[in-house]
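*Asks:* Please read through the structure below; I'll follow up with questions.
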Amino acid sequence: MEGEDKLVVKPGLAIPLAEIVMDAIRAQGPGGQNVNKVSSAIHLRFDVAASSLPEAVKAQLLALGDQRISSAGVVVIKVGDSRSREANRQEALRRLAELVAMAAHVPKRRRPTKPTLGSQRRRLEGKRQRGEIKAGRGKLRE
């Protein structure tokens, strides 16, 4: 997932690590005395507008409406799941890569299909038979 100095999102799409700002912060929640002393949580910031991503991916990323993307177009990810700073760093990068990959995904265009001639005939034949059954339920005429 992570190259020499790039975060590989998917083949052909990578983010230079120089564009990603990561700070170590103190983790929240229970953890005893250690939680107050060690800065093991990671606060990641990624400015979408100033990045080297393709314009189409930038526009799609900003249009996602994800709560991790601020109104200024900065992705903010906080990770404090692990007690290890390196594990939290890797998880933050993984989450960023997942978010960018979701924005870079281009769905396949749907090609509308037509019913086959045989299926159309079977449908009409079924309707005709059903109509005959219902027509036979009426009053008898002499």
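*Asks:* Run lengths n ≥ 4 of DSSP H only: what is the helix-derived mean residue ellipticity at 222 nm for the chain, with -39500 (n - 2.57) per run over all residues, to the nearest 500? Mind dumping the intermediate values first?
*Replies:* Working: 3 runs with 47 residues, N = 142.
Result for the chain, helices only: -11000 deg cm²/dmol.
*Asks:* If we sort 45-51, 133-139 on the protection proxy, mean other Cβ atoms within 10 Å, highest first, what's the order?
*Replies:* Numbers: 45-51: 16.6, 133-139: 7.3.
Ranked by mean Cβ neighbours within 10 Å, highest first: 45-51, 133-139.
*Asks:* Using modelled amide H (1.01 Å from N, peptide plane; none on Pro or chain starts), what sits under 5 Å from the amide H of LEU13, excluding residues fewer than 5 places away?
*Replies:* Long-range HN contacts for LEU13: none found.
*Asks:* As I understand it, the value is the acute angle between the Cα axis of helix 117-135 and the longest principal axis of the Cα atoms of the chain; what does it come to in degrees, rounded to 10?
*Replies:* It is inclined by approximately 50 degrees.
*Asks:* Excluding same-chain pairs closer than 8 in sequence, count the lysine pairs in the chain whose Cα atoms lie under 22 Å apart.
*Replies:* Within the chain, the lysine pair count is 9.
*Asks:* Which of the listed residues, ALA63, GLY73, MET22, is farthest toward the dipole's positive end in segment 6-104, when Lys, Arg count +1 and Asp, Glu count -1 at the beta-carbon?
*Replies:* MET22
*Asks:* Which whole number in µm²/s is D for the chain by Stokes-Einstein, with the Kirkwood Rh taken over Cα pairs at 37 °C and 0.692 mPa s? Walk me through the intermediate numbers first.
*Replies:* Details: Rh = 19.6 Å.
Here the translational diffusion coefficient equals 167 µm²/s.
*Asks:* Out of LEU96, LEU13, LEU124, any idea which swings most in a Gaussian network model of the chain, alpha carbons joined below 10 Å?
*Replies:* LEU124
Taken together, the values in this text are just the output of simple stated rules run on the coordinates, not laboratory data. None of the values given here were measured: they were computed from a predicted structure. Virtual Cβ from ideal backbone geometry, glycine too; neighbours counted across all protein chains shown.
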